[in-house]
Amino acid sequence: MAFPTLFSPLQLGSIELPNRIVHVPTDISSSHADGEVSERDIHHHGDIARGGTGFIIVGATTPDMKTGRPTVTCLVADGDNYVPGLARLAESMHRYGAKCAVQLQHPGRQCAIPRYNTLGATDRVLKLPWSAGHEIIYENADEKGKEIREASIAEILELVDLFSEAAWRVKQAGFDAVELHAAHGYLLSEFMSPYLNMRTDRFGGSFENRMRFPLAVIDSIKKKCGRNYPILVRYSFEEWCPGGRDMEEGLETARVLERAGVAALDLSQGMQESPGAGFDPMQYPQGWATYAAEATKKIVKIPVITSHSLRDPEYCEQILAEGKTDLVGLARQLLADPYWPVKAKYGKVRSIRKCISCLGGCWQESLMAKHEIQCSINAACGNPAYADMQRTTRPVKVAVVGGGPAGMEAARIASERGHLVTLYEKAGELGGAMLYVCMVPGKEKMRWYLDWIRDQLLDLNVDIRLNHAPTVDELRGFDLVLNATGARSYVPEVVGDTSTVVPFEEAMACPKVACECHPGGRKMHKLGARVLLWGDHYAATDTAAWLADIGKQVTIVTENREFAAETEVIHLYVLRKRFEQGDAEVLSSRPYKHPVNVITSTTVAEIREGSVVLQGQDFGRTELEVDDVVTCHVRPELGLFEELRAAGVHVLNVGDSVRPRNLYHAVREGSAFGLAVDEHLLFNPNGAILDDLPMDVLAQLTREEGPAYTTKRMMELIGATG
Ligand SMILES: Cc1cc2nc3c(=O)[nH]c(=O)nc-3n(C[C@H](O)[C@H](O)[C@H](O)COP(=O)(O)O)c2cc1C
Ligand code: SF4
């Protein structure tokens, strides 16, 4: 059998897990506004169980909604009325053979709700822009920070009860275990942390005092749920903050929790103050946190779960077989592909859609935007519509123009559904804007998705035409055309000679002008030592990272108040550290030769030979000496789309050719097109495909109309005489 250790059972307290794959808690923020289990919760967790994960720990569920919800639509377990919904949730996973648990989490200072009178271990003003509980900042408003007040002893004691009552409800609902969230700076973690806990009473100071609150909760749960009901604890093995928990205290914590009767340890890393380690962006390599489980296993007998950036079944098998961990924990990987376990079991490893750690869907578009769960590369994540995807009985001929992520995803889904797809790409390789990021240090994981979708298109026998930009006449023969032509850089109006301005597409000074990604070759521009990047699209962050890494002295000028405001926050956090010649926690990249200088609320007013004139918001002007100016301003490529519309061809537009954005939007719009293409090809007056019309309306729109009703005609039909 492939991966024998991965698919071997394990005893965890009183329960036997069918295999070693654990869904580590992920708050999918998809419950009803009152915290009741939703159909989306059921669908999502059922999908993960169907995919073969052996043990599913449902994400953050609050024991007290009144004083803390980590996200605006997290689950709630603070009343008996939540038990029936939780029972349906447990059943949705048991049905597919999985064991399941609920993670109880009081967010404390990091709560999204309530916004005021927020409880924490310690009084403080909090500014954590990458947290779902961050103070809401309206457009252009200044950040003032969120005020946190120290919980009183009475409140701590009440919370001990509330935690254990919630655990009892979890047990009543049929879950096999309960987990306490004591990681990432949330309430229990804040009490346990030597870095965050500033209390001087018996809940602060020494290690023993800091452990008092979580140990009281464990004790109380044991009293309510029985000594055999398994309790897991998730804590940050190291906090990666100055004076925070280090490896020594991480191990001591494991010893104390085992002694307290905990059934398993779910080892996480970092806090909201060290978000790189907590929610590892792309730069973090696979298995960087395995060392913690390896060290912990040497001192405890209870099972240990390791997680963080685990993506390959081969790697998971290896660390299990070598005895470095008992269980492997996957969070984002199961958002990107809930069928990871069953694909591994059947040896279909190449068809696993590996999570690229972009955080664009799950963090940015879900938790930060206060929306239900999303994934940048899996439009089906949290969206039951894809589960009902149907194969067509009457295929239509579809032309997709543009082989970037939107076009490729549209081609993939439409083709899976049986439509006849031709995919045109004017370059020599599929990938579109993704091809430019292959050289950006730390962004190599983007290639995983690119390779995956290209393989899928080949397996599906999509008719791919590279190095070909089709004309309107060629496209007339198709039933439907999808324009996915993307965006291109341009130079805004400015005084001076703009012919010297370099498009960002030509600034990536790759030594290989022609390579696997660009077999047809591409135009490259050799840049001088001092480079001014002008503009603020995603291209600007990537181009800056690349140029600074090869030793250029980079200045970024943006008209915006804040640079890269649309970039995913944790990646921006890592990037800012790199701009200052440092690095995010755990990482140790070679520092840039020069810091990257970012000038906001400013534009380029004039381009001169060897310099530029910058103009700020107050109209003040300064001159800056530079060797090259690179434009990162981008706009949609709409030429073909407009020509097709004028020619009366059925055409729809998706991705960056609507408005330049990121991978999440491209994949989502491409997938939605693939899902909607319908044999009837009807469009509403807004230009949207109609694929879900009520049967009678569909018939009214498609069948031949007879003569209009008149009494005379009806009489004729029934043969009556007047
Ligand atoms: C959208 C999202 C929600 C998360 N929710 C939780 C949670 O509820 N509880 C928790 O302990 N960790 C949570 N995490 C952290 C993950 O469990 C995991 O530790 C982290 O994403 C790194 O592991 P991965 O690379 O397998 O995703 C969340 C992470 C993400 C991206
Ligand atoms: S959005 Fe990105 S990080 Fe999140 S699950 Fe999807 S691929 Fe992974």
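The values are calculated or read from the model by the stated rules, or taken from the named source; none is laboratory data. Please read these numbers as outputs of a predicted model, since none were measured by experiment. Cβ atoms come from the backbone with ideal geometry, glycine included; neighbour counts cover every protein chain shown. The accessibility values were calculated without ligands, DNA or RNA, using every heavy atom of the protein model including side chains. Shrake-Rupley method; radii C 1.70, N 1.55, O 1.52, S 1.80 Å.
Brief remarks on what is shown
- When restricted to residues that are among the small types (Gly, Ala, Ser) and in contact with a helix residue (DSSP H, G or I) (Cβ under 7 Å, 6 or more places away or on another chain), the stretch 529-547 contains 2.
- Qualifying positions in the stretch 486-503 - over 29 Å from Val667 (Cβ atoms) and open to solvent by 50 Å² or more (accessible area, probe 1.4 Å): Val491, Glu493, Val495, Asp497, Thr498, Ser499, Thr500
- Residue match in the stretch 6-17 (condition: within 16 Å of ligand 2 (Cβ to nearest atom), touching a helix residue (DSSP H, G or I) at 6+ places or on another chain (Cβ under 7 Å) and more than 19 Å from Phe175 (Cα to Cα)): no
- Subset of the stretch 687-721 that is charged (D, E, K, R) and open to solvent by less than 100 Å² (accessible area, probe 1.4 Å) - its residue that is nearest to the chain's Cα centre (by Cα): Asp691
- All positions within the stretch 341-368 that are within 13 Å of ligand 1 (Cβ to nearest atom), open to solvent by less than 40 Å² (accessible area, probe 1.4 Å) and outside any helix (DSSP H, G or I): Cys355, Ile356, Ser357, Cys358, Leu359
- Entirely in the stretch 30-145, the strands (runs of 3 or more DSSP E) that have 3 or more residues that are surrounded by fewer than 21 Cβ atoms within 10 Å (Cβ to Cβ): 124-126
- Residue list for the stretch 86-105, filter: of a type outside the set (A, V, I, L, M) and closer than 16 Å to Asp47 by Cα: Arg88, Glu91, Ser92, His94, Arg95, Tyr96, Gly97, Lys99, Cys100
- Any chance Pro338 is away from ligand 2 (no atom under 16 Å from the Cβ) and either buried (at least 24 other Cβ atoms within 10 Å of the Cβ) or over 18 Å from Ile453 (Cβ atoms) (or both): no
- With respect to the conditions (1) within 16 Å of ligand 2 (Cβ to nearest atom); (2) assigned to a loop (DSSP other than H, G, I, E, B); (3) of a type in the set (Phe, Trp, Tyr), Tyr709 lacks only one, and its number is (1).
- Residue in the stretch 570-581 that is surrounded by fewer than 16 Cβ atoms within 10 Å (Cβ to Cβ), among the acidic types (Asp, Glu) and either in contact with a Cys (Cβ under 9 Å, 6 or more places away or on another chain) or in a loop (DSSP other than H, G, I, E, B) (or both) present: yes
- Within the stretch 7-29, if we keep just the residues that are assigned to a loop (DSSP other than H, G, I, E, B) and away from ligand 1 (no atom under 15 Å from the Cβ), the residue that is surrounded by the fewest Cβ atoms within 10 Å (Cβ to Cβ) turns out to be Pro9.
- Each residue in the stretch 241-281 was checked for being assigned to a loop (DSSP other than H, G, I, E, B) and surrounded by fewer than 22 Cβ atoms within 10 Å (Cβ to Cβ), and 8 pass.
- Thr541 fulfils the conditions (1) in a helix (DSSP H, G or I); (2) out of contact with any Ser or Thr (no Cβ under 9 Å at 6 or more places or on another chain) except for a single criterion, (2).
- A residue that is surrounded by fewer than 24 Cβ atoms within 10 Å (Cβ to Cβ) and part of a strand (DSSP E or B) occurs nowhere in the stretch 191-211.
- Residues that are open to solvent by 30 Å² or more (accessible area, probe 1.4 Å) and over 20 Å from Ala369 (Cα atoms) were ranked within the stretch 657-677; the one that is nearest to ligand 1 (Cβ to nearest atom) is Ala672.
- Test result for Arg311, touching a Cys at 6+ places or on another chain (Cβ under 8 Å), open to solvent by 20 Å² or more (accessible area, probe 1.4 Å) and either within 13 Å of ligand 2 (Cβ to nearest atom) or charged (D, E, K, R) (or both): no
- Sole residue being out of contact with any Leu (no Cβ under 9 Å at 6 or more places or on another chain) and not aromatic (Phe, Trp, Tyr), chosen from Leu652, Leu644, Leu624, Leu638: Leu638
- Members of the stretch 373-407 found to be at negative phi, within 16 Å of ligand 1 (Cβ to nearest atom) and at pLDDT below 95, listed by number: Asn383
- Residue, farthest from ligand 2 (Cβ to nearest atom), within the stretch 320-335, restricted to residues that are in contact (Cβ under 8 Å) with a residue 60 or more places away in the chain and part of a helix (DSSP H, G or I): Ala321
- Taken over the stretch 27-52, the criterion of being in contact with a helix residue (DSSP H, G or I) (Cβ under 8 Å, 6 or more places away or on another chain), within 20 Å of Glu179 (Cβ to Cβ) and not β-branched (Val, Ile, Thr) is satisfied by Asp27, Ser29, Ser30, Ser31, Gly35, Asp41, His45, Gly46, Ala49.
- Candidates Arg635, Arg645, filtered to the one that is free of Cβ contacts under 8 Å to residues at least 40 places away in the same chain, open to solvent by 40 Å² or more (accessible area, probe 1.4 Å) and either closer than 22 Å to Pro503 by Cβ or basic (Lys, Arg) (or both): Arg645
- Yes/no for Ile413 being open to solvent by less than 50 Å² (accessible area, probe 1.4 Å) and under 19 Å from the mean Cα position of the chain (by Cα): no
- Scanning the stretch 401-443 for residues that are closer than 20 Å to Ala539 by Cα, of a type in the set (Val, Ile, Thr) and touching a Phe, Trp or Tyr at 6+ places or on another chain (Cβ under 8 Å) turns up just one, Val440.
- Condition check for Ala646: modelled with pLDDT of 95 or more and farther than 18 Å from Gly403 by Cα: yes
- Taking first residues from the stretch 298-319 that are assigned to a loop (DSSP other than H, G, I, E, B) and partners that are within 16 Å of ligand 2 (Cβ to nearest atom) and among the basic types (Lys, Arg), the Cβ contacts under 7 Å between residues at least 6 apart in sequence or on separate chains come to Arg311/Lys354.
Here's the yes/no breakdown for (1) touching a Phe, Trp or Tyr at 6+ places or on another chain (Cβ under 6 Å); (2) within 16 Å of ligand 1 (Cβ to nearest atom); (3) among the β-branched types (Val, Ile, Thr):
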| position | (1), (2), (3) |
| --- | --- |
| Ala132 | no, yes, no |
| Lys146 | no, no, no |
| Ala166 | no, yes, no |
| Gln172 | no, no, no |
| Leu180 | no, yes, no |
| Tyr186 | no, yes, no |
| Asn197 | yes, no, no |
| Gly204 | no, no, no |
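- Check on Arg447, out of contact with any His (no Cβ under 6 Å at 6 or more places or on another chain) and in a helix (DSSP H, G or I): yes
- The condition of being open to solvent by less than 20 Å² (accessible area, probe 1.4 Å), assigned to a loop (DSSP other than H, G, I, E, B), over 23 Å from Thr485 (Cα atoms) and within 12 Å of ligand 2 (Cβ to nearest atom) holds for only one of Ile377, Ile373, that being Ile373.
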